[in-house]
Amino acid sequence: MALGPRLDIRQTQSLVMTPQLQQAIKLLQLSNFELATFIDQELERNPLLEREEADHGAERTEPKADAADLPVLDSAPPETPLLDGMSASTAEDGFDVDYDNTFNNDSNSDAVEGEAFGQWGSKGGGSHNFDDGESNLDQIVAGELSLRDHLTAQINVDIPDPADRIIGLHLIEMLDEAGYLIGDLAELADKLGCPPERVERVLKRVQGFDPVGVFARSLKECLGLQLAERNRLDPAMQALLDHLELLARRDLPGLMKACGVDAEDLADMIGEIKALDPKPALRFDHVVAQPITPDVLMRRAQDGSWLVELNSDTLPRVLVNTRYYSKIAAGARSKDDKTYISERFQSANWLVKSLHQRATTILKVATELVRQQDAFFRLGVQHLRPLVLRDIATAISMHESTVSRVTSNKYIATPRGIYELKYFFTQAINSADGGNAHSAEAVRHRIKVLIDAEGVAVLSDDRIVEILKTDGIDIARRTVAKYREAMNIASSVQRRREKSLGM
């Protein structure tokens, strides 16, 4: 075969994401703090953008979408009717960027999740360069870890029950800078609509987290948790903790009498006490109870329904100064100047449109979440229903990847506290008779009730599976074992042995 140059025609399909769509997707998953930082950068970078509150008499506009550039979805109406008289307040009607139809498969969305966006290139014609603002890994590694983040990570791993996780997150918010628990547990139980015993049980669970001693309600309890972790909380040491006021007064004879030890043993015990950390949280970032600014506000209306609206304090207010644009565009002479001004104007227009679409999308998702979890808000934490991203995406005609971005780093203020939107997604257990699915929390509760009610005849995991199937719950034996172990319930063999010994 002779070698030589030739021309070939090939037809291929590929997904091309414009810089505008990359920006819209990135804005959607930013938290309100990250969004405010990005807006500040854009205001410095783009002379055609200005804040809405800075009124200099300029002619401002919320630009309309160009049909040639923007795919369109149905915009949310000003008033979205909900079940049981619920309603949601939305922003003004505007354009919609079709995140889902333009970019709607998981394999592609994974690539975009990690993409950062920078600024428009100042040169070139229609092909705007998009600078990828990669984060500095060294800065991430060197960043201080806050106590809240450290404890939240442990809650997500060690507490499988979603309702108990919510209780644990509330307990984190009740910590002071030293790691001590402040506040009334009974008030928290009433706020969440759950038994006080359940809050106490979760507290015992989180008191075993690192750093040891956190979540203590007193110095005595803090030191006791650390001694117990070292297996040194014997009766003599417990007596020493019960008489810390004598140690503070250096009343050594009184301590020896109270603890029943001699001077040498007391000296060793005091040395162990001095080796403990009375303020275990101080090694972390001190901002423990830093308030979270919610993106969505939820309140009860006079008729008992729920009202869902965006928090205006977190909405960036930026507009395009069209008067200034007209002035400098008329004075531009060189081709480079005209290109720069045109690109700045396009960038400003698209940013305003993307911000409006971000707000509309967050409100749609939050409104549907409130609708789906209505029982939780009305009756308490034990009534969380099973929910996955697909449920919300199907209800509001969006893709799961869009819902995933919206629910990350977005918070809603409810009568039961402030929650991240993703916390309302809980695992579902299929129904054996083809009916509605059961929440994992309800199944765990049913397992616990069965075991607590067992008499002489101890229920094995297989027997529990059979009973649950008669109740319409389709569950595997290994799942029953996993839930039982998560609730710190011994196996049937251990429970039978304990009962035989009268324990």
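Each value in this text was obtained by applying a stated rule to the coordinates, not by laboratory testing. None of these values were measured; they are calculated from a predicted model. All Cβ positions, glycine included, derive from the backbone under ideal geometry; neighbour counts span all protein chains shown.
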**Q.** Shape box of region 150-227 [Cα atoms, principal axes, largest first, Å]
**A.** 32, 26, 20
(Q) Between Asn488 and Ala457, how high is the FRET efficiency from 1/(1 + (r/R0)^6) when r is the Cβ-Cβ distance and R₀ = 22 Å? Nearest 0.05. (A) 0.50
Q: Would you mind classifying region 262-349 by shape? Square roots of the alpha carbon gyration tensor eigenvalues, ordered a ≥ b ≥ c; an a/c under 1.5 is rounded, otherwise it is prolate if a/b is larger than b/c and oblate if not.
A: oblate
Q. How large is Rg/Rh for region 145-284, to two decimals, with Cα atoms and a Kirkwood Rh?
A. 1.05
Q.
Could you tell me which residue out of Ala216, Cys194, Gly179 lies farthest along the dipole of region 175-248 toward its positive end? Charges go on the beta carbon: Lys and Arg +1, Asp and Glu -1, centred on the Cα centre.
A. Cys194
Q) About the Cα centre of region 259-371, what is the dipole size in debye to 20, counting +1 per Lys and Arg Cβ and -1 per Asp and Glu Cβ, all else neutral? A) 1700 debye
Q: Enumerate the calculated ³J(HN,Hα) couplings along region 225-238 in order (Karplus 6.51 cos²θ - 1.76 cosθ + 1.60, θ = phi - 60°), each rounded to whole Hz, writing x wherever the residue is Gly or Pro.
A: 5, 5, 5, 5, 5, 8, 6, 10, 8, 8, x, 5, 5, 5
Q: Send over the semi-axes of region 281-422's equivalent ellipsoid, whole angstrom and largest first, taken as the square roots of 5 times the C-alpha gyration tensor eigenvalues.
A: 40, 20, 15
